[in-house]
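Working notes, beginning with the structure itself.
The values are calculated or read from the model by the stated rules, or taken from the named source; none is laboratory data. Remember, predicted model here, so these are calculated numbers, not experimental data. Positions of Cβ are backbone-derived with ideal geometry, glycine not excepted, and every protein chain shown enters the neighbour counts. For the accessible areas, the whole protein counts, side chains as well, though only heavy atoms, and no ligand, DNA or RNA atoms are used. Shrake-Rupley method; radii C 1.70, N 1.55, O 1.52, S 1.80 Å.
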Amino acid sequence: MKPFRVVLLPGSVLPAGTAYGRLLEVLGPDVDAVAKDLELYQGDAPPPDWSLDTEGDGVLREADARGWDTFHLLGYSGGGAVALALTARHPERLRSLALLEPAWAGNWDWSPAHTRLWQRYGELHDLPPEEFMPAFMRLQVKPDAVLPPPPPGPPPSWMAKRPAGISAFLHAFDTYELDRDRLAAFAKPVLFVLGGMSSPDEQGDNADRLSRVFSDYRLEVFPERHHFDPPHRAEPGRVAALLREHWARAVAAA
């Protein structure tokens, strides 16, 4: 059997190699995977015309450079939102879709609690950088979730770009039109991986809403994990097994 061809997109904080290093180690030699960094951080500041489609176009350039007509797509957090946008625009290029807690999943049918949470995100824009990241992280988990402490030593140089990048994502989520009908027409397998300690108002609502969009949809919950202790980093072996099963089913169905 040919290797699974996979593009993995990170969230708005960690570089792709750091985000997916442990998962890549356990996926196995028959997985041809590329952990692709976001276009958003190629320069010192987000491009003025950046959008989710900018990232999707970058994914297609990467696939074309490798000679991949089709591939499996996986996205975490902001990368999950990009993956949804690309699925709606170019479903013919994808063999399957895996979503690891997408930061946004369209603006339709939000619960009242989800709407209130999003308003709180908007209040973060004016915070100084040292307050922005802790507040941003706390909104995405349950009140009793334990957030990881900052790593020792000075922050890496790439961290200075993250507040502006996160703000660019939040702006895109407010303005982007994700086509629900085109997503509903995507009949290939979709896997949603959810941390049980993530915010039910956001990720729980996203998982529930997408279950009513995709026809071939599977939800897998990791009860002790959350958005900043995500399954693909905390339990890469279990996630790798899920993904391999997911990709194999997509190949069999095709």
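A few notes on this one:
- The stretch 1-26, subset assigned to a strand (DSSP E or B) and of a type in the set (A, V, I, L, M, F, W, C), residue farthest from Pro148 (Cα to Cα): Phe4
- Condition check for Ser215: open to solvent by 30 Å² or more (accessible area, probe 1.4 Å), within 23 Å of Met137 (Cβ to Cβ) and out of contact with any strand residue (DSSP E or B) (no Cβ under 8 Å at 6 or more places or on another chain): no
- Some residue of the stretch 58-75 being of a type in the set (Ser, Thr, Tyr) and either under 14 Å from the mean Cα position of the chain (by Cα) or part of a strand (DSSP E or B) (or both): no
- Just one of the listed residues (Gly21, Gly75, Gly43, Gly17) is open to solvent by less than 10 Å² (accessible area, probe 1.4 Å) and closer than 29 Å to Pro156 by Cβ, and it is Gly75.
- In the stretch 192-206, the condition of being at pLDDT 95 or above and open to solvent by 70 Å² or more (accessible area, probe 1.4 Å) is met by at least one residue.
- Matching residues, the stretch 113-130, being open to solvent by 90 Å² or more (accessible area, probe 1.4 Å) and at pLDDT 85 or above: Arg116, Gln119, Arg120, Glu123
- Residue count, the stretch 143-164 (criterion: surrounded by fewer than 20 Cβ atoms within 10 Å (Cβ to Cβ) and under 30 Å from Arg218 (Cα atoms)): 5
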